[in-house]
1. Would you mind stating whether GLU7 is at pLDDT 95 or above, more than 17 Å from the chain's Cα centre (by Cα) and exposed (fewer than 15 other Cβ atoms within 10 Å of the Cβ)?
2. Scan region 185-211 residue by residue and report those that are open to solvent by less than 10 Å² (accessible area, probe 1.4 Å) and either closer than 26 Å to ALA144 by Cβ or at pLDDT below 95 (or both).
3. Every residue in region 10-19 that is open to solvent by 60 Å² or more (accessible area, probe 1.4 Å) and in contact with a helix residue (DSSP H, G or I) (Cβ under 7 Å, 6 or more places away or on another chain), please.
4. Cβ-Cβ under 6 Å, sequence separation 6+ or interchain: first residue in region 180-200 and of a type outside the set (D, E, K, R), partner loosely packed, with under 12 Cβ neighbours inside 10 Å and assigned to a strand (DSSP E or B). Which pairs?
5. Of the numbered conditions (1) in a helix (DSSP H, G or I); (2) in contact with a Lys or Arg (Cβ under 7 Å, 6 or more places away or on another chain), PRO85 fails exactly one; give the number of that condition.
6. Considering only residues that are closer than 25 Å to VAL76 by Cα, open to solvent by 90 Å² or more (accessible area, probe 1.4 Å) and without any contact (Cβ under 8 Å) to a residue 24 or more places away in the chain, which ones fall in region 253-289?
7. Among the residues of region 150-169, count how many are open to solvent by 70 Å² or more (accessible area, probe 1.4 Å) and of a type outside the set (Asp, Glu).
Amino acid sequence: MNFGFSEEQRDVQNLAREILSDQVSPESLKASDDYAAERYDGALWAKLAEAGLLGVALHESYGGMGFGFTELALFVEEVGRTIAPAPVIPVLVSAALPVQQFGTDEQKERLLPGVASGKTLLSAALMELNNENPATPLLTHAQADGSGFTVSGKKLCVPFAQRAERIVVSAKTDSGVVALLVDPNAAGVTLNAMKVTTYEPQYEVVLENVSVAAEDVLAGADTGAEVMQWLTERTTAALCAHQVGVTDCAMRMTASYTAERKQFGVPIATFQAVGHRAANCFIDVECLRLNTYQAVSRLSGGLPATNEVQIAKIWAGDVGHRVSYAAQHLHGGMGIDRDYPLWRYCTWMRHNEMMLGSSAKNLAALGKRIAAGEAFCQ
């Protein structure tokens, strides 16, 4: 049995790597440091759309390639390798995938062709204050209003909210959780810019009696929690894939540096302590890669993957923390020099570690499920 990637999957990954490595550089990334400019490369986004990569997991009838979640995850990994200023996870994973899976025909026809062509951006509001589980919203409430809903509440860290055509928002009602497609330009919506260490444009989205028409209801109270759980698991796995790319690049950057940096007339890579530290980074990254691919594979096959996603996220947080620390240490003062690119990777490692729950939170959640007999090792 062949457990490797198919030729088509490798082609998608190689195409993404070619475009991203050609278009993204430390110099281009520097343009958005300290919010000097918006961290979004419209020209790159257009090139990705032209290559068909924005529609890699969208059906051909919407202008996509018709592949699945595995191919999309490989694309996300390459985005992480270059930390490209492209909102691939919020647009393609957190928003477009659930619209394609659960949306009405009208919603799909209205939104997905624009996503594939690069003309439409979508986003998802997954975080609330002290709540990182979109399937159980605590601070966002909705009331039935005819065939639609009126929603009020507050969401945090919503990426590219100012550019989004629609934002996926979960809200609780008296009868369950609903998933809504909120127009960020609608009356009652306020976008407050937030500042984050990665410089990604993120917003606090405040909703005050915002009317959501029936055509923008993604899931009603009977299936909303299930839809948001489906979305969250895939977003979490995508964050892990992004972390694979980020940590792998930081590890290789460190290996190259230690092979060139000399002390006492020899490369410091020849020092046993340095070699062991770099080798531990390599082992860490490969373990993260295997756990991530396991989660992605099960999700792509439509199999239950809650255990695997939580395990991968635990690895993503721990590996990101350890690789970031080791890379900084082995680089010495160069590691924190803002004229050297490593620091940007370290901020993204931290972002991926904390988004949708840290390692500690995921480990505690997994432990509770094991204790309750809900999770088993297979």
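The values are calculated or read from the model by the stated rules, or taken from the named source; none is laboratory data. All figures in this text were calculated on a predicted structure; none of them were measured in a lab. So basically every Cβ, Gly included, is an ideal-geometry build from the backbone, and we count neighbours across all protein chains shown. SASA here: full protein model, heavy atoms, side chains in, ligands and nucleic acids out. Shrake-Rupley method; radii C 1.70, N 1.55, O 1.52, S 1.80 Å.
1. The answer is no for GLU7.
2. Passing the criteria: VAL205, LEU207, VAL210.
3. Answer for region 10-19, where residues must be open to solvent by 60 Å² or more (accessible area, probe 1.4 Å) and in contact with a helix residue (DSSP H, G or I) (Cβ under 7 Å, 6 or more places away or on another chain): just ARG17.
4. Going by the 6 Å Cβ cut-off, the qualifying pairs are GLY188/ASN209.
5. So PRO85 meets the others, but not (1).
6. Matches in region 253-289: ILE283 only.
7. Number satisfying all stated conditions: 2.
For (1) closer than 23 Å to LEU290 by Cα; (2) under 12 Å from the mean Cα position of the chain (by Cα); (3) at pLDDT below 95; (4) surrounded by 24 or more Cβ atoms within 10 Å (Cβ to Cβ), each residue gets a yes or a no:
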| residue | (1), (2), (3), (4) |
| --- | --- |
| GLU77 | yes, yes, no, yes |
| PRO90 | no, yes, no, yes |
| PHE102 | no, no, no, no |
| VAL115 | no, no, no, yes |
| SER123 | no, yes, no, yes |
